[in-house]
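K.L.:
Submitted below is the structure of interest, expressed as structure tokens.
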Amino acid sequence: MSTAPDHTAAHADTGMSGRSEELLNGILRYIRLHGVEQFSLATVADFLGTSSRMLIYHLGSRDEILIKATSLRRMTTSAFLRERPVTGLAESARRMWEHYLNNLWEMQLFFFVSTRAFAQPVAYARFARDSRDVWMEYLTDGCAKDGINYESAVPVAGLCLAGLRGLFLDLLLTGDRERAESSFIVLVEQLESARVSRFKNPEYPVNENGSISTAARRS
């Protein structure tokens, strides 16, 4: 389990109450140290010096807590990766890769929670949608920097996201970091080639911070 320093805390406006966010950050610390496979309301409550009843009162059931914790971490990680402007899709992918490579527990948590969506698709519909949309927006913004037109940027960003997640899943299952890193290099080479491909000539405006404008996303 990775114990790399946490550089992402307090980088996002979560809209949660102070106590709820405090508890979720404590839960994330527990998962980071002990792994999501050890998660239970009783063990986490003991770790935080509170009770299972208080966790349920503030955050809901065990499944709801894991969804909220994963979502909070995704928000703070996304905000952290966006702090510095990117030059293109390849750099956006590298930032995601380097962050999660040093924080594999985050990907393990994501995959752990994601498996529940197969059994309860309705209950996990928002989680599934948000876990896609946040990173699609981030990667599509990278496409905009490369001058890839919006119509093509969506599938290109989707392919990049699927590739990254596939590599992390393989790494978590096999522990073969060398193979994962070699495959990532090939992925980046393919992303770099998109900069001079038929996808050029942007058809959407870009904000000063490099993100695609709201109007473009609605088109």
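Computed from the coordinates by the stated procedures, all read-outs in this text should not be read as laboratory data. Note that this is a predicted model, so its numbers are computed, not measured. Glycine gets a Cβ as well: all are built from the backbone with ideal geometry, and neighbour counts include every protein chain shown.
K.L.:
Highest mean first, what order results for 143-151, 183-191 on Cβ atoms within 10 Å?
P.N.:
Numbers: 143-151: 20.7, 183-191: 15.7.
For the peptides 143-151, 183-191, the packing ranking is 143-151, 183-191.
K.L.:
For region 34-44, take each phi angle, set θ = phi - 60°, evaluate the Karplus expression 6.51 cos²θ - 1.76 cosθ + 1.60, and give the result in whole Hz per residue in order, putting x for glycine and proline.
P.N.:
Result, ordered by residue: 10, x, 5, 5, 8, 6, 8, 4, 5, 5, 5 Hz.
K.L.:
Average the reciprocal distances over every distinct pair of alpha-carbons in region 98-179, invert the result, and give the Kirkwood radius in Å.
P.N.:
Computed over Cα pairs of region 98-179, the Kirkwood hydrodynamic radius comes out at 14.0 Å.
K.L.:
Rounded if a/c is under 1.5, else prolate if a/b is larger than b/c, else oblate: which is region 15-60, with a ≥ b ≥ c the root eigenvalues of its Cα gyration tensor?
P.N.:
Numbers: a/c = 2.05, a/b = 1.34, b/c = 1.53.
Since a/c reaches 1.5 but b/c is at least a/b, the shape of region 15-60 is classed as oblate.
K.L.:
ASP63 label point, 7 Å along Cα→Cβ, cut-off 14 Å on backbone N: hits in region 119-141?
P.N.:
Residues 119-128 qualify, since their backbone N sits under 14 Å from the label point.
K.L.:
Using θ = phi - 60° and the Karplus relation 6.51 cos²θ - 1.76 cosθ + 1.60, list the HN-Hα couplings for region 158-168 in order, rounded to whole Hz, with x at every Gly or Pro.
P.N.:
For region 158-168, the Karplus curve yields x, 5, 4, 4, 5, x, 4, 5, x, 5, 5 Hz.
K.L.:
Still on this structure, I have one more. What nm distance separates the two modelled labels at GLU189 and SER52, each placed 7 Å from Cα along Cα→Cβ?
P.N.:
The two pseudo-label positions are separated by 5.3 nm.
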